[in-house]
Structures are given as C-alpha cells and as structure tokens.
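Q: Below is a structure I'd like to ask you about.
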Amino acid sequence: MAAGDTSTGRRDAATVSDWDLLAADRLRAQAVPRPGRSFWQDVWSRFISRRMAVFGAVILILIALLAVFGPSLTGRSYNRQESSLANIPPVLSATEFAGQANWFYVNPSLKVIEVTPDGHLVRQVPQVSDDMLTKRAIFEADGTAVQLDYSRQPPVLLGADGQPGERTHLVWNADYRLGTDALGRDVLTRTFYGARISLAVALVATLVNALIGIIYGGVSGYVGGAVDTVMMRIVDIINTIPLALYVILVKVVLGSGGFSSIVIALASVYWVDMARVVRGQALSLKNQEFVLAARTIGSPPGAILRRHILPNALGPIIVTGTMLIPSAIFIEAFLSFIGIGIAPPMASLGTMANDALATLRSSPYQLLAPTATICLIMFAFNFVGDGLRDALDPKLRA
Amino acid sequence: MTRYIVKRLGTSLVTLLFVILLTFVLMHSVPGGPFAQEKEAPPEVLDALNAKYHLDQPLVVQFFEYLGGLLRFELGPSFKYTGRTVNDFIVNGAPFSMRLGLITLVFVLIAAIPMGILAARRNGRWPDAVVMIIATLGITIPSFVAAAGLMYVFAYRLNWVPTFGLDKPTSYILPVLALGGYSLSFLARLMRSSLLEVMGQDYIRTARAKGLSEVRVITRHALRNAIIPVLTVLGPTVAGLLTGSFVIEKIFAIPGMGSYFVDSVTQRDYTTIMGMTTFYAAFLITMVFVVDLFYRLVDPRIELG
C-alpha cells in the first residue's frame, strides 16, 4: 500500500472503524457523474465552439457546392466566347433615349450595347460610320441612329439629333451576373470552374500527403537507421529546391499538359513536409511502452505502424495537412498566373487574375471575382486549420 | 567550430550536387529535345545544333562538362537566344532582384520585429488584435492578389505611385509591400508567440525583481532568447526575398531574375532553366548555411556538430 493511503486510513480510524460499511454518499463519490467522452467528441466540441473555424467550414462547403453545381446553374460554359459582348461589367450605366424602348451602354472598347430596362443584353449595335476628325461614331439601332462622342472622357452617347439622352440608369447585368471578360466569356461561370480547379488541387494535395507523405514518413521513422538516413536525405534534396521551382521543372518535362501535369508535379514532391512531420512523430512514438507491448505480442511492423503509431500521430498530421492544402492551392494559382499552370481556355483563378490584369484599368471587376474567391478559399482553409489545431491539441495554440 | 563548418560545407555541397544531377536528368528527359519545334527542322540542322551544344555526346560526358563549367562559374549558353549565356541573364537580372530584395528584407525586419514585440507586450488588447489581423491577412492573401490589388488602388485609382519599373524611389513601395507581405506577417507572428513564451520564464521574473526597467528586461533578457526562432526561418526568407518573386517582377514589370526565369520556362530554354535552378539552389543553400552559423553565434548553448 502506498504511503498516502495509509495516512488517510489512520485519520479515518479515529471516526470510522475499518470494518464498518461506508456511508452511501461516500460510495457515490467514486461514481462517474457524466457519461465519458471520447477524444473525438472532445475535439468536435472544441472545434464547434470556435466561431471562426465553423464559419470557415461553412464557407468551404458553400464554395464546394457552387464549384460543383454552379456551372449548371448559370447554364454557360467556361470557354464559350461572345466577342460582341466583351468587357461588360456587372453593373451598367445605360443611357435612355426618347422613343426607344431599350437603353444603350458603351463598353470600355467603345462598342455600343443595347440593353433592356431590366438588364438583359440584346446585342451589340452595328456601327455605321466613324468620323475620326470630330471623334464621333454613328451606330444604327432599330432604324434610328445613335452617336457616340468619344472626344470627351468618358465618352458620351448622343441621340440622332445630337442631343444627349434623357437620362442614364444604373442597371444590374441580368445575363452575366459578374460581367464578361475581354473575350466575352461569363466571369461567374469561369469563377466556378476556377474554384473547381482550386478545390481539385486541394483534394490532390490531401491525397498525396495522406498516401505518400504519411507512409514514407512512417516507414522512415519507424524503421530508422540507414533506411531513415537515406530516405531523409532524399527529402532534404527535394526540400532544397523551392517547391514552386520544382513544380515548374516537372511541368516543363511533362509538357503543357494542363491540369494533369500540375497534379503529377504536385504529387511527385508535395508530400515531403508531411513525411518529415510523420517521421518525427514515429521516432518519438516508437520507443513508447504501447509499441513495445505490441511488438512483444508479435504484431508485424506494418500493423504497429497502422494501428498504433499513426493513430497517435493523427493530431500533428491533420494540422500539417490543413497548412499544406492552402499552399497547394496557392501554388496552382501562382503557376497559372505566371502562365505555366492550367492552359487556356480552361479557367483557373490564377489565369483569370492574369487575364484581368491586362484590362485592369478599364474593367477592374474582372480581377475582383477570381481574387476574392481565392482569398475566401485561403481564409476559410486557414480558419478551419487554426480551429482544428486548437481542437486537436490545445497546447499548440500560438 | 571549424569541424562543424567543414562538415556543413560538405553536406551542402553533396546536396547541391544532387540538385544539379536531378535538374540535369529532368531537363534531358524532356521528350523531343531542346530543338523540337512545331516546324520540323531538317536533320542536318538538328545534327549541327546538337554537335554545337555537345548534345551528341553521352549523357555522362555532358554532365561532367556541365559540372566543369559550373566550377568556372559558367552556366552555359542559352538555347533560345543565340550569343547570350545564362550568366548574362543572371548578371542582368540580379541587381534588380537583389536591390528590391534587400529593401524588402530591411523593411520586413524593421517592421515585423517591433510588431511582434508590440503584440506580445499588449497581449489580448487592441494593438495585439490589430497586429494579428494584419498578420492573418498577410499570410492568407496570395502575393499576386496583393500586388494586383495594391496596384489598382494606389497606382491606377489614387495615382500616388508609378505602376511599373523601379525608376523612382516611390516605385519601390508597392513591390516591397507585395513581396514582403507574407514574410512580414509570418515573422511578426513568430516573434509574438516566441516572446510571449519567453516572458513567462523565471529569469524574466528575476530580472524584474532586480528592479530593471521594462525596456531593459525586454532588450537585454527576453529578446535574446525570443529572437532565435525568428533567426531560424530567416535563411530561406532571405534567399526567397533576394532572388525575387517571379510574380512581383512580372506584375510590376521589373527586369529581375524571376522574369528571366519565367521567360525561360515559357520559352523552354532548357539550359537557362537548368542554370537558374542551380543558381537558386546554390543561393538558398548558402543562405541557410550562413544563417545557421550566425544562429549558433547568437546562442552559445546550441551544440556544434
């Protein structure tokens, strides 16, 4: 019997004899008042109590739903070009003329678009003549002429009589909710496709980390010795080249294969960080008693790794994963942005941002949709990651 | 110390050698070879080209020739721009990238460390919240998004700064902000959390008990230990900033090394890709090595070996 127990026994002896039955309330003190909670129930309740993390998770689910079902909601495709309706913003400033049912909008490339009062785009009004000297262009709309005076900044639409229109209205673009890009493609649909690519990259990064990173790191750490040294040297070498550089190299070798080559490039190197983390965990866990116990009863190494080491390393694995996923999304957007990622006409948030940069001065809305989406995805993943980290291991909280 | 330096130099060289080998093998496994184009060149022309660039020799011979060139700091000729060498690209681009990188580095250091200290000292109050919001924004917003947004607001809309180039002192503002945003946020967060941890230690209480002023407690006692994690990540940070970000150089039309590298990739200029990668890797390894030495000087407790 331990020393502490004997001393309490002696104190009790003054009041109660050792052989008396315990009072009913002292028996109950040993009872567990509430049902036990498993580790995962604890994690879940800690995660759910963090408002930003839940918010991030909801945003991610929404983006995923839109990425999957969005294109069928808009009914447009990412590559259909309507060059007569290029560079049309989400909100149009349309001019109304007396006697005309429809209104007219001048886009940044000085094309006149006929718009219905409820915001539907009818067509690009054909141009009849263009007088370079007076800087006036005549457009023919339903029998009447419309003049565009582009000597002024911004250009002004005039009626057939040379007088300005009755009034200008701001109308929402009812056909293209987020406008069209420089080639007349629907920005909203392309944003959905871009989000789809981003989330697909996130999925690939997760799979690669889970399949290669965890197994590689686990084997390296658990087997140890020369195997570990060689395996980690390989990781060191891959780690020396900046990841983006390596992905570029792999992409060059594979040719401009669009999405598949990005996937292969990421898959071939993107597991090294995870491998390091898992190796570190395996190194510290493999000397613990429960692993020794498993070895004693003759569990094969594979089973020890799978059933004993990896479940115990799950916290750090998930935390590392949630940090690696946003950076994979960033790498894809970054490569597409500099022109060596997703090949056109496929839409990626990076290529969209790059295309929008060319027309930034006249059509800034084209930049807003892809950049806001990628920021939202990055924020959401970061909040979920922070929430998971705190929920899985409150000690790690920075 | 000397033994440690020699050992580290050795492993760095081996790593670099493997990087070179890897890039070499990758670049030589590109299907079609460097001169494959949409318009098929006559076989005699191809043979002549291959002979000129020694591509007709066995791979092993080519590899050792390449290594020999590297020892003389020659990265070979460009396959796409006749008469120009990879060295030309680096010599032309490096001054721009380095200058931008150095300014960014100075900016990041003089902003991030005080930000981290401020956040840690006012932990839980509004200065902490402000710093953490800035840091979270800096970490989550991709650099090209930040660059494009900054450019639209401050160059196009407000017309405060030029949109491209590095001609005026004001033209550095936006590239420095966009390039340094991530490192700034990361270092500020790191500084904050490590200082918070150090401030809870016993020796800080002792220093206060001696009656030292708060400024002296932080500068003489707390910072010396709290700065170590910051120094650890400084190596890759310095290398990344100095070699320049491809995206920033592209958006702001800065003729640095990054823009040459991106060009060489889109043009499939294999020797340039190979040479630039080797240069980046060598630079990165050197920086990590230098910072590692420095870090061991700051903290004598760290074992050499």
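The values are calculated or read from the model by the stated rules, or taken from the named source; none is laboratory data. Source: prediction; values computed, not measured. Here Cβ is always computed from backbone atoms with ideal geometry, including for glycine, and neighbour counts include all displayed protein chains. Side chains are part of the model used for accessible areas, which takes the heavy atoms of the whole protein and leaves out ligands, DNA and RNA. Shrake-Rupley method; radii C 1.70, N 1.55, O 1.52, S 1.80 Å.
Q: Considering the dipole of the protein assembly as shown built from charges on the beta carbon (Lys and Arg +1, Asp and Glu -1) around the Cα centre, which of B:Phe64, B:Ile5, A:Val115 is farthest to its positive end?
A: B:Ile5
Q: Based solely on its DSSP helices, what 222 nm [θ] is calculated for chain B when runs of n ≥ 4 H residues each add -39,500 (n - 2.57) and the sum is averaged over all residues, nearest 500 deg cm²/dmol? Please report the intermediate quantities before stating the final value.
A: On the way: 12 runs with 211 residues, N = 305.
Rounded to the nearest 500, the figure is -23500 deg cm²/dmol.
Q: A further question on this structure: Would you mind telling me the share, in percent, of accessible area of the stretch A:187-396 contributed by carbon and sulfur at probe 1.4 angstrom?
A: Roughly 69 percent, rounded to a whole number.
Q: So, one more: How long are the three semi-axes of the equivalent ellipsoid of chain B, in whole Å, if each is the root of 5 times an eigenvalue of the C-alpha gyration tensor, listed from largest down? Let's see the in-between values first.
A: Values: eigenvalues 392, 142, 35 Å².
The equivalent ellipsoid of chain B has semi-axes of 44, 27, 13 Å.
Q: Nearest 0.05, what FRET efficiency do A:Gln288 and A:Leu110 give at R0 = 45 Å with Cβ-Cβ as r?
A: 0.05
Q: Ignoring ligands, DNA and RNA, what percent of the accessible area of the stretch B:1-117 is carbon or sulfur (1.4 Å)?
A: 71
Q: Okay, moving on. Hey, with R₀ at 51 Å, roughly what FRET efficiency would A:Gln81 and B:Lys168 work out to, going by the Cβ-Cβ distance, to 0.05?
A: According to the calculation, E is roughly 0.80.
Q: Right, here's the next one. Under a Cβ-only charge scheme (Lys and Arg +1, Asp and Glu -1), can you give me the dipole magnitude of the protein assembly as shown about the Cα centre, in debye to the nearest 20?
A: Using only the charged Cβ atoms, the result is roughly 2600 debye.
Q: Still on this structure, I have one more. Over the alpha carbons of the stretch A:316-398, what is the largest minus smallest coordinate on each principal axis, giving the biggest first in Å?
A: Per principal axis, max minus min of the Cα coordinates gives 50, 23, 17 Å.
Q: Shifting gears a bit: Translational diffusion coefficient, Stokes-Einstein: compute it for the stretch B:222-281 using the Kirkwood radius over C-alpha pairs as Rh, at 37 °C and 0.692 mPa s, and state it as an integer in µm² s⁻¹.
A: 249
Q: For peptide B:143-151, what's the mean number of Cβ atoms from other chains within 10 Å of each residue's Cβ?
A: Partner Cβ neighbours, averaged per residue: 6.
Q: Further question on the same structure: Counting heavy atoms of the protein chains only and a 1.4 Å probe, report the per residue accessible area for the stretch A:91-172 as a whole number of Å².
A: 55
Q: With a 1.4 Å probe and all protein chains left in place, how much accessible area per residue does the stretch B:93-268 have, in Å²? Walk me through the numbers on the way to the answer.
A: On the way: 7850 Å² over 176 residues.
Value for the stretch B:93-268: 45 Å² per residue.
Q: Something else now. Leaving out ligands, DNA and RNA, and with a 1.4 Å probe, what % of the accessible surface on the stretch A:37-159 is carbon or sulfur?
A: Here it works out to 60 percent.
Q: Where does the Debye-calculated log10 I(q)/I(0) of the stretch B:197-305 sit at q = 0.21 Å⁻¹, using only Cα point scatterers of equal weight, no solvent?
A: -1.06
Q: Let me ask you something else. If the convex hull of the alpha-carbon atoms of the stretch B:49-145 is projected onto planes in all directions, what is the mean projected area in square nanometres? Intermediate values should be presented prior to the final figure.
A: Working: hull surface 41.9 nm².
Directional mean of the projected Cα hull area for the stretch B:49-145 stands at 10.5 nm².
Q: Taking only C-alpha pairs under 8 Å that are 6+ residues apart, what is the relative contact order of chain A in percent?
A: After rounding, I find 20 percent.
Q: Output the peptides B:61-70, B:2-11, A:357-366 sorted from most to least packed, where packing is the average of other Cβ atoms within 10 Å over each peptide's residues.
A: For the peptides B:61-70, B:2-11, A:357-366, the packing ranking is A:357-366, B:61-70, B:2-11.
Q: List, in the order given, every pair from B:Lys52/B:Lys250; B:Lys80/B:Lys250; A:Lys135/B:Lys168 whose Cα-Cα distance in the structure shown is over 24 Å.
A: Beyond 24 Å between Cα atoms: B:Lys52/B:Lys250; A:Lys135/B:Lys168.
Q: Still on this structure: Given the rule -39500 (n - 2.57) for each run of at least 4 DSSP H residues, summed and divided by the residues of chain A, what is its mean residue ellipticity at 222 nm, to the nearest 500 deg cm²/dmol?
A: -17000 deg cm²/dmol
Q: Share of Cα-Cα pairs in the protein assembly as shown beyond 51 Å, in percent?
A: 26
Q: Something else now. Once Rh for the stretch A:91-172 is found with the Kirkwood sum over Cα pairs, what is the Stokes-Einstein diffusion coefficient at 37 °C and 0.692 mPa s, in µm²/s?
A: On the way: Rh = 12.5 Å.
Translational diffusion coefficient: 263 µm²/s.
Q: When you count, for each residue, the other Cβ atoms within 10 Å and take the mean per peptide, how do A:125-136, A:218-229 rank with the highest first?
A: Final packing ranking: A:218-229, A:125-136.
Q: Something else now. May I ask you to give the average projected area over all directions of the convex hull of the Cα atoms of the stretch B:50-95, in nm² rounded to one decimal?
A: On the way: hull surface 14.4 nm².
Spelled out: convex hull of the Cα atoms, projected over all directions, averaged, 3.6 nm².
Q: Let me ask something else about it. Starting from the amide H of A:Asp130, placed 1.01 Å from N in the peptide plane, find each other amide H under 5 Å away whose residue is 5 or more places distant or on another chain.
A: Close amide H contacts, sequence-distant or interchain: A:Ile138.
Q: With viscosity set to 1.002 mPa s at 20 °C, what whole-number translational diffusion coefficient in µm²/s follows for the stretch A:187-396 from Stokes-Einstein and a Kirkwood radius over Cα pairs?
A: 115
Q: Starting from 0 in steps of 20 Å, tell me what percent of the Cα-Cα pairs of chain A lands in each bin.
A: Whole-percent P(r) values from 0 Å outward: 21, 36, 24, 13, 5, 1.
Q: Total accessible area buried between chains B and A, 1.4 Å probe, in Å² to the nearest 100?
A: Answer for the B-A pair: about 3500 Å² buried.
Q: Shifting gears a bit: Give me the net charge for the shell around B:Pro175: Cβ to Cβ below 14 angstrom, other residues only, Lys and Arg +1, Asp and Glu -1.
A: On the way: positive: B:Arg99, B:Lys168, B:Lys250; negative: B:Asp167, B:Glu249.
Summing Lys and Arg as +1 and Asp and Glu as -1 gives +1.
Q: If you fit an axis through the alpha-carbon atoms of helix A:51-74 and take the longest principal axis of the Cα set of chain A, what angle between them do you get, 0 to 90°, nearest 10?
A: 40
Q: Which residue, chosen from A:Leu360, B:Phe283, B:Val262, occupies the Cα position most advanced towards the positive end of the dipole of the protein assembly as shown, where the dipole is computed from +1 (Lys, Arg) and -1 (Asp, Glu) charges on Cβ about the Cα centre?
A: Farthest towards the positive end: B:Phe283.
Q: Helix A:3-13: angle to the longest alpha-carbon principal axis of chain A, degrees 0 to 90, nearest 10?
A: Taking Cα atoms only, the helix is inclined about 70 degrees.
Q: Compute the angle between helix B:173-199 and the longest alpha-carbon principal axis of chain B, please, reported from 0 to 90 degrees and rounded to the nearest 10.
A: 40
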